[in-house]
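Participant: Encoded as structure tokens, here's the structure I'll be asking about.
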Amino acid sequence: MKPILLTGASGALGRMLARELAAAGMTLRLTDIAAFPDAVPEGCSFIRADLNDGVTIARLAEGCAAILHFGGISVEQPFEDILGPNLRGLFHIYEAARREKARVVFASSNHTIGFHEQGQSLDLDCQFRPDGFYGLSKAYGELMGRLYWDKHGVENVNLRIGTCLPEPRDARALSTWLSYPDLARLVRACVAAERTGHAVVWGASANPASWWAKDHRDRIGWAPRDSAEVYRARLEGVLHPDEVGRRHQGGAFCVADYSRPT
Ligand code: 15L
């Protein structure tokens with residue numbers, strides 16, 4: 001079985017995926033700009049690398065069946081900080097995938113659509129409404145996937161991840177929460193799927209309060225099993241202090257540097 005490259009391996013989701021996917025029998029090549037803080041799972045390797053370094057990324061991807069791209073900046077930051085890891089880095093990932101005929105599983109984000117209002121139901125083809133430079137970089141990533149599928153036949157699954165934490169922490173997450181086990185099963189399904197083409201899947205558990213509807217999950221063969229609803233009593237009063245954060249799906253990310261006159 002060919003190895004799988006996992007970028008962003010030292011982050012919270014990367015560490016969880018490294019553990020779960022290795023336990024499921026995958027041979028992983030782990031990479032991150034930061035050191036890997038855990039013991040490297042048996043049969044796997046870790047190499048420190050910067051996504052800006054296309055030569056190293058190409059070498060890391062050699063012989064891989066898939067690239068699970070969880071690397072890059074994962075929160076709102078100034079444009080200049082996002083540019084290298086999230087835009088140039090993504091180009092290196094896709095060029096490597098093209099060379100290796102590998103599938104890309106991309107950790108996109110709900111912040112691609114963050115300025116849609118809470119309560120509004122969205123399908124996968126809704127308009128991008130990024131809520132910052134981070135969300136904009138994720139929309140760019142999804143479109144990069146569109147381009148490389150249409151032009152080069154590189155398969156890719158774009159996971160529009162909501163709030164992926166061990167437990168939801170506020171009222172917004174009753175709609176956006178994705179449990180760790182649901183994410184691990186989703187990523188395994190993305191690797192195992194026969195054919196994906198260019199696909200978009202909302203990365204959320206089976207939350208009855210979800211704002212997200214149609215996507216390509218049937219093509220991947222995944223259905224979430226967990227639900228944030230069991231936390232409702234504790235969380236429904238935990239609202240963002242700012243009206244802009246309460247009104248929009250992206251929550252706190254919409255508030256950062258917000259200066260639109262009322
Ligand atoms: C994300 O994309 C972020 O990486 C994460 O830190 C959370 O804030 C999450 O979205 C969210 O929207 O809750």
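Participant: Taking the Cα centre of the chain as the origin, how large is its charge dipole in debye, to the nearest 20, when only Lys and Arg (+1) and Asp and Glu (-1) carry charge on their Cβ atoms? Walk me through the numbers on the way to the answer.
Facilitator: Numbers: 30 positive and 31 negative charges, 116 e Å.
Result for the chain is approximately 560 debye, rounded to the nearest 20.
Participant: Based only on other Cβ atoms within 10 Å, what is the fewest-to-most ordering of H69, H240, H92? Provide the component values of the computation, followed by the final result.
Facilitator: Details: H69 27, H240 17, H92 22.
With the sparsest Cβ surroundings first, the list reads H240, H92, H69.
Participant: Among A233, L21, G250, whose Cα projects farthest towards the positive end of the dipole of the chain, with charges put on the beta-carbon of Lys, Arg (+1) and Asp, Glu (-1)?
Facilitator: My answer, from the dipole projection, is L21.
Participant: Å³ per residue of the Cα convex hull, for the stretch 133-215?
Facilitator: Working: hull volume 8.3 nm³, N = 83.
Spelled out: Cα convex hull of the stretch 133-215, divided by residues, is 100 Å³.
Participant: If you wrap the stretch 25-124's Cα atoms in a convex hull and average its projection over all directions, what's the area in nm²?
Facilitator: Values: hull surface 33.8 nm².
Computing the convex hull of the Cα atoms and averaging its projections yields 8.5 nm².
Participant: Something else: What whole-number distance in Å separates the alpha-carbon centres of the stretch 167-201 and the stretch 1-37?
Facilitator: Result: 16 Å between the Cα centres.
Participant: So for the chain, averaging the separation of alpha carbon pairs under 8 Å that are six or more residues apart and normalising by length, what relative contact order in percent results? Intermediate results must be reported in sequence, preceding the final value.
Facilitator: Values: 555 pairs, mean separation 43.7, N = 262.
About 17 percent, as a whole number.
Participant: What does the C-alpha gyration tensor say about the overall shape of the stretch 6-72? Classify as rounded when a/c is under 1.5, otherwise prolate if a/b is larger than b/c, or oblate.
Facilitator: Working: a/c = 1.78, a/b = 1.28, b/c = 1.39.
Judged from the Cα gyration tensor, the stretch 6-72 comes out oblate (a/c at least 1.5, b/c at or above a/b).
Participant: Given the options W149, T163, A139, identify the residue whose Cα lies farthest towards the positive end of the charge dipole of the stretch 132-173 (+1 on Cβ of Lys, Arg; -1 on Cβ of Asp, Glu).
Facilitator: A139
Participant: Excluding the sites themselves, what is the longest stretch of the chain that contains no GluC sites (Glu not before Pro) in a DSSP loop with at most 16 other C-beta atoms within 10 Å?
Facilitator: Numbers: sites that count: E42, E62, E194, E236.
Here the longest run is 63-193.
Participant: Is the shape of the chain rounded, prolate or oblate, going by the alpha carbon gyration tensor and its root eigenvalues a ≥ b ≥ c, with a/c under 1.5 for rounded and a/b larger than b/c for prolate?
Facilitator: On the way: a/c = 1.61, a/b = 1.43, b/c = 1.13.
Prolate shape, in that a/c is at least 1.5 and a/b is the bigger ratio.
Participant: Of S10, F106, L122, which is farthest along the charge dipole of the chain in the positive direction, counting Lys and Arg as +1 and Asp and Glu as -1 at C-beta?
Facilitator: Of S10, F106, L122, it is F106.
Taken together, the values in this text are just the output of simple stated rules run on the coordinates, not laboratory data. It should be emphasised that the depicted structure is a prediction, and the values quoted were computed from it without experimental measurement. Here Cβ is always computed from backbone atoms with ideal geometry, including for glycine, and neighbour counts include all displayed protein chains.
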